[in-house]
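Notes for the one structure printed next.
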Amino acid sequence: MSSSSLTPNWPGLIEAYKDWLPVNENTPVITLKEGATPLIRIKAIEKLIQKDIKVYAKYDGLNPTGSFKDRGMTMAISKAKEKKCEAVICASTGNTSASAAAYAKRAGMRAFVLIPDGYVAQGKLAQALVYGAEVLAIKGNFDCALDIVQEMAEKYPITLVNSVNPFRLHGQKTAAFEIIESLNDAPDWLCIPMGNAGNISAYWMGFEEYFQAGKSNKLPKMMGFQASGSAPLVFNKIIKNPKTIATAIRIGNPVNKEKALAAKKNSKGSFLDVTDEEIINAYKILGKEEGIFCEPASAASVAGLLKRKEEIPESSTIVCVLTGNGLKDPDCAIKNNDAAFYSGLNPEIKTVAKTMGF
Ligand code: AN7
């Protein structure tokens with residue numbers, strides 16, 4: 001089945017792509033019908049680049065818990081359930097914890113999540129709580145939390161569902177399949193934010209698998225982007241105290257570094273950093289000119305494309321991955337917009353009309 005057959009009967013990505021995934025008839029499929037997200041032309045971005053190109057957003061913020069993590073989590077939790085596992089654990093900047101909690105609880109498991117205290121966007125924290133996770137906020141950053149959960153999973157009967165879990169990447173590679181099915185080929189560039197660098201590695205796996213199966217005529221260049229204050233893969237060094245407004249990608253020591261570097265090399269791609277200012281600029285344009293509300297980390301893909309505009313080949317097709325929903329981070333939204341907001345108005349037509357300029 002392909003995403004072009006997107007219907008109310010979409011079965012979720014494991015069922016849709018089972019021939020491409022490490023599942024069998026004994027795998028209990030834990031799904032919230034993730035996947036089949038829209039690919040949306042973003043002409044405001046094309047206009048800024050002023051070349052004969054097509055730019056699309058893969059809006060993965062429309063997954064069931066609002067981020068691409070659901071693609072990986074349906075696989076990781078289904079495989080954990082297959083092994084009769086009763087509890088899962090993850091470190092998270094927010095989205096992994098929301099997704100892990102939702103899928104684990106749906107499977108009847110306990111979900112332990114370690115988060116950097118004070119650095120998880122409100123929407124994500126709200127989700128983890130509502131889905132019934134057991135939340136441990138630590139006085140340390142994501143990298144520190146990841147070290148702890150890796151050791152926990154070695155010592156105790158609990159399954160790790162961060163992207164070091166190979167099933168996560170298999171689930172996430174299906175986004176590349178969907179893009180190829182929508183465009184009838186791979187794009188020329190795939191622009192994507194990088195944190196722990198699992199997603200870029202997963203996309204590359206998906207693009208390679210479909211290319212080798214003859215489902216696309218080309219492979220995209222993998223263009224990865226990180227926030228300037230949190231760019232270990234761009235500057236090729238561990239960042240001890242990563243800083244960025246894009247808390248989702250506030251990661252200083254990516255665990256999938258080697259895979260991401262291989263994807264870059266083999267695709268003839270490139271990595272670059274974007275400043276918080278550039279991220280917020282792209283975030284605002286997507287919102288107010290395209291009607292697409294993504295979270296700041298996701299806007300890094302579009303910010304990066306704009307930063308590379310001189311290098312974009314004419315006639316190319318580009319996909320920017322919007323990894324998470326803007327509703328995840330309402331504080332950022334309220335602080336960073338150009339909206340006209342008039343408060344404290346008298347409840348009468350005269351005042352309203354005058355305020356509107358009539
Ligand atoms: C919106 O939730 O690492 O490069 O713990 O939430 O695969 O890590 C989130 C990462 C991009 C980066 N965009 O993906 C977590 C976490 C959003 C994200 C990334 C994340 P990777």
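The values are calculated or read from the model by the stated rules, or taken from the named source; none is laboratory data. Keep in mind that this is a model prediction, so the values were computed, not measured. As a convention, Cβ positions derive from the backbone with ideal geometry for all residues, glycine included, and neighbour counts pool all protein chains shown. Protein only, heavy atoms only, side chains kept; ligands, DNA and RNA dropped before computing areas. Shrake-Rupley method; radii C 1.70, N 1.55, O 1.52, S 1.80 Å.
Here are a few things to note about the model shown:
- Scanning the stretch 243-260 for residues that are within 13 Å of the ligand (Cβ to nearest atom) and either without any contact (Cβ under 8 Å) to a residue 60 or more places away in the chain or over 27 Å from GLY326 (Cβ atoms) (or both) yields THR244, ALA246, ASN253, LYS257, LYS259.
- Residues satisfying the stated conditions in the stretch 247-267, i.e. in contact with a Gly (Cβ under 9 Å, 6 or more places away or on another chain) and small (Gly, Ala, Ser): ALA248, ALA260, ALA263
- Applying the criterion of being open to solvent by less than 50 Å² (accessible area, probe 1.4 Å) and of a type outside the set (A, V, I, L, M) to the residues of the stretch 261-274, the residue that is nearest to the ligand (Cβ to nearest atom) is PHE271.
- Residue list for the stretch 157-185, filter: open to solvent by less than 30 Å² (accessible area, probe 1.4 Å) and among the acidic types (Asp, Glu): GLU178, ASP185
- Flag for LEU233 being open to solvent by less than 40 Å² (accessible area, probe 1.4 Å) and within 12 Å of the ligand (Cβ to nearest atom): yes
- Residue in the stretch 133-156 that is more than 30 Å from ASP117 (Cβ to Cβ) and either open to solvent by less than 50 Å² (accessible area, probe 1.4 Å) or touching a residue at least 40 places away in the same chain (Cβ under 8 Å) (or both) present: no
- Of everything in the stretch 200-221 that is within 18 Å of ALA36 (Cα to Cα) and open to solvent by less than 10 Å² (accessible area, probe 1.4 Å), the residue that is farthest from the ligand (Cβ to nearest atom) is TYR210.
- Residue list for the stretch 75-97, filter: of a type in the set (Ser, Thr, Tyr) and either within 16 Å of the ligand (Cβ to nearest atom) or under 14 Å from LEU136 (Cβ atoms) (or both): SER92, THR93, THR96, SER97
- Residues that are more than 13 Å from the ligand (Cβ to nearest atom) and either under 28 Å from GLY140 (Cα atoms) or surrounded by 24 or more Cβ atoms within 10 Å (Cβ to Cβ) (or both), drawn from the stretch 64-74: THR74
- Test set (1) aliphatic (A, V, I, L, M); (2) in a helix (DSSP H, G or I); (3) within 14 Å of the ligand (Cβ to nearest atom) - ALA137 fails condition number: (2)
- Residue within the stretch 87-98 that is touching a residue at least 12 places away in the same chain (Cβ under 8 Å), of a type in the set (Gly, Ala, Ser) and open to solvent by 10 Å² or more (accessible area, probe 1.4 Å) present: yes
- Flag for ARG110 being of a type in the set (Lys, Arg) and open to solvent by less than 30 Å² (accessible area, probe 1.4 Å): no
- Among the residues of the stretch 299-358, those that are open to solvent by 70 Å² or more (accessible area, probe 1.4 Å), within 30 Å of TRP189 (Cα to Cα) and polar (S, T, N, Q) comprise SER315, ASN337.
- Apart from one condition, LYS240 fits all of (1) open to solvent by 10 Å² or more (accessible area, probe 1.4 Å); (2) in a loop (DSSP other than H, G, I, E, B); (3) in contact (Cβ under 8 Å) with a residue 60 or more places away in the chain; the exception is (3).
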